[in-house]
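Undergrad: Pasting a structure below so you can have a look.
Just so you know, all these numbers are worked out from the coordinates, no wet-lab data involved. Computed from a prediction, not measured in an experiment: that's the story for all the values here.
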Amino acid sequence: MSIVKINVLNVPAEQREILEKRFASRAGAVEGSDGFEWFELLRPVEGTDDYLVYTRWRDEESFQAWMEGPMKQAHQGGEAGSERPKPAAAGSTLWSFEVVQQAAPKQG
Ligand code: HEM
């Protein structure tokens with residue numbers, strides 16, 4: 001079964017809009033990465049102030065390959081060669097999970 005990697009972003013209230021704008025103009029490179037299965041940016045509503053960047057992958061190797069290559073470009077931000085903008089997040093933590101069970105709605 002797949003694996004889940006969640007990047008937890010601590011985002012000060014005044015930086016939220018900036019963070020969401022940056023994701024709105026994200027590279028879109030992850031979609032083309034071998035073994036990539038799903039991405040969601042989760043905005044906190046209750047119980048936490050942290051944003052979650054949810055990603056699901058076929059296996060650990062696929063995630064590592066993305067981390068070593070496309071991930072770096074996807075996190076450059078701004079124009080090529082320009083200064084990297086100040087990060088919108090004040091901190092981050094990477095969580096790793098294995099999918100143990102999953103379900104999807106019945107078709108028809
Ligand atoms: C070092 C801490 C990190 C911070 C502060 C951060 C923050 C961000 C931000 C602001 C963006 C929007 C694009 C940009 O402006 O760069 C982005 C894109 C993204 N981040 Fe991170 N990130 C970090 C590390 C990670 C890690 C470890 C993962 C692994 C799950 C991850 C998953 C993603 C994905 C999937 C995208 C979209 C890339 C695409 O569209 O191709 N990030 N991140």
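Undergrad: Taking N as the number of residues in the chain, what value does Rg over Cα atoms divided by 2.2 N^0.38 Å take?
TA: For the chain, the normalised Cα radius of gyration is 1.16.
Undergrad: Here's something else I'd like to know. Could you run the Karplus curve 6.51 cos²θ - 1.76 cosθ + 1.60 with θ = phi - 60° over segment 99-106 and give me ³J(HN,Hα) per residue in whole Hz, x for Gly and Pro?
TA: Listing the rounded values in order: 6, 9, 9, 8, 8, 10, x, 5 Hz.
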